[in-house]
Structures are given as C-alpha cells and as structure tokens.
Amino acid sequence: MTRSLRDEGGECPAAAYLRQQPENLVVNGYRNCVAGLAHQDPRFWDAAMFAHAEALGTIDGQYALDVMASLIGRLGVCATCPLKFYKPGTCHLCRDECLLLGMVAGAQNGDEAAMMHSAKLLTCSDACFEVVDRASAYAAVLLGHGHRLTPIPLGAIADIDFRASAFAGGRISSALH
C-alpha cells in the first residue's frame, strides 16, 4: 500500500492491488458475503462461491467461504463499529477491507503484529483471538492452494486506520452490524 492517492499513470493503487488474485479473492469474497447478508440477496453468495470454487476447487472453496462467513458473522456481532464495504468489483478499498487483508496477509506471512493490530482495530478485545483464528483458517486454505497475499507492513495498517479516521463518513456504500 502506498501513500500516494494515484500512481504516475493516474490509477488508484487499490485498483492495481486488487488485480492480484489472492487479494481480489479475499476482498470480493468479503464484499459478496457482507452484501449477501445486508441485502438478503443470494446472487452475492453465488458470486462468492463461484470465485472461491474456481480458485480453490469446490470442496475447499466451500470450506473457505464458510470460514469467511463465520468470520464476518463474528465481526458483525462484535465489530467496534458497523462493518463497511464497497460494492463487489469496485476498484477501491475501505478501512475494514484493508484490515481484513491485514489479518489474512499477516497470518499467511507470519506477521503476528500486523495480524493482531488489524484484528484489534476491527473488533472488541473479547473476540479478538476468535476473529484471528477464523482469519487464520481462511488464510491457510488460500495458502494451501498457492494463493499468498502480499505482506502488509504494520506501519501501513496504522496509516490505513489514521487515514480512515481522518476521512470518517466517506463514500462507503453500506454497513452491517
């Protein structure tokens, strides 16, 4: 993640980041699951299942999606504020999406500090370890199929939280709590 809002070509850095398959799978899996819950629309679940089955196979794709749904369910109960997300397919990232990526990337890359800091920014302290366990299980399934996320440094996670706090109330489409 970079500090500039646009790269030299005028593209938002999130757009390039989301072209990476593992990151796109995580973010759009999250978005589709949350949108499915928020809008009670099975088309979002179908899109998430299709993407996970294509990347991980039918059985592991379903398992990964079940773990993601369990993670989101737990976050929905104990998140420090309503969960935010962009519409699936959007080429931007909101704070909560970045923190989810921080947990999954931290789990895959052995960065416990980034993983825990991301979790603490998303959830209450009572559920932090349960959330991390679910994010780690999801990360393991992806990693088992060769889908490793790019590491996200702890400083970038702190910067994401700082920027999101500074721009609270931005243009994020929906929330679930």
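What are the residues in region 138-155 that are among the hydroxyl-bearing types (Ser, Thr, Tyr) and either in contact with a Gly (Cβ under 6 Å, 6 or more places away or on another chain) or part of a helix (DSSP H, G or I) (or both), if any? So that I can check it myself, show each step before the final result.
The initial filter retains those residues of region 138-155 that are among the hydroxyl-bearing types (Ser, Thr, Tyr), namely 138, 150.
Tyr138, the sole residue that qualifies.
Here's a check for you: in region 76-102, which residue that is of a type outside the set (A, V, I, L, M, F, W, C) and in a helix (DSSP H, G or I) is nearest to the chain's Cα centre (by Cα)? Explain how you work it out, then say what you get.
Going residue by residue through region 76-102, those that are of a type outside the set (A, V, I, L, M, F, W, C) are 76, 80, 82, 84, 86-90, 92, 95-97, 102.
Still in the list and also in a helix (DSSP H, G or I): 76, 95-97, 102.
Details: Gly76: 14, Arg95: 9, Asp96: 7, Glu97: 4, Gly102: 8 Å.
Among residues in region 76-102 that are of a type outside the set (A, V, I, L, M, F, W, C) and in a helix (DSSP H, G or I), the one nearest to the chain's Cα centre (by Cα) is Glu97.
So which residues in region 111-141 are surrounded by fewer than 20 Cβ atoms within 10 Å (Cβ to Cβ) and among the aromatic types (Phe, Trp, Tyr), if there are any at all?
Hit for region 111-141 is Phe129, nothing else.
So which pairs qualify, if the first residue must be in region 96-114 and within 23 Å of Val34 (Cα to Cα), the second must be among the polar types (S, T, N, Q) and surrounded by fewer than 24 Cβ atoms within 10 Å (Cβ to Cβ), the Cβ gap must be under 6 Å, and the two must be at least 6 apart or on different chains?
Listed by first residue and then by second, the contacts come to Ala107/Ser136.
Among Ala158, Ala105, Ala135, which is assigned to a helix (DSSP H, G or I) and more than 26 Å from Gln62 (Cα to Cα)? Walk me through it before giving the result.
Working: Ala105 fails: more than 26 Å from Gln62 (Cα to Cα); Ala135 fails: more than 26 Å from Gln62 (Cα to Cα).
Result of the check over Ala158, Ala105, Ala135: Ala158.
Take Leu154 and tell me if it is farther than 21 Å from Ala16 by Cβ and either hydrophobic (A, V, I, L, M, F, W, C) or in contact with a strand residue (DSSP E or B) (Cβ under 7 Å, 6 or more places away or on another chain) (or both).
On the way: farther than 21 Å from Ala16 by Cβ: yes; either hydrophobic (A, V, I, L, M, F, W, C) or in contact with a strand residue (DSSP E or B) (Cβ under 7 Å, 6 or more places away or on another chain) (or both): yes.
Answer is yes for this residue.
Only one of (1) of a type in the set (Lys, Arg); (2) within 14 Å of the chain's Cα centre (by Cα); (3) modelled with pLDDT under 95 fails for Arg6. Which number is that?
(2)
The values are calculated or read from the model by the stated rules, or taken from the named source; none is laboratory data. These numbers come from a predicted model, not from an experiment. So basically every Cβ, Gly included, is an ideal-geometry build from the backbone, and we count neighbours across all protein chains shown.
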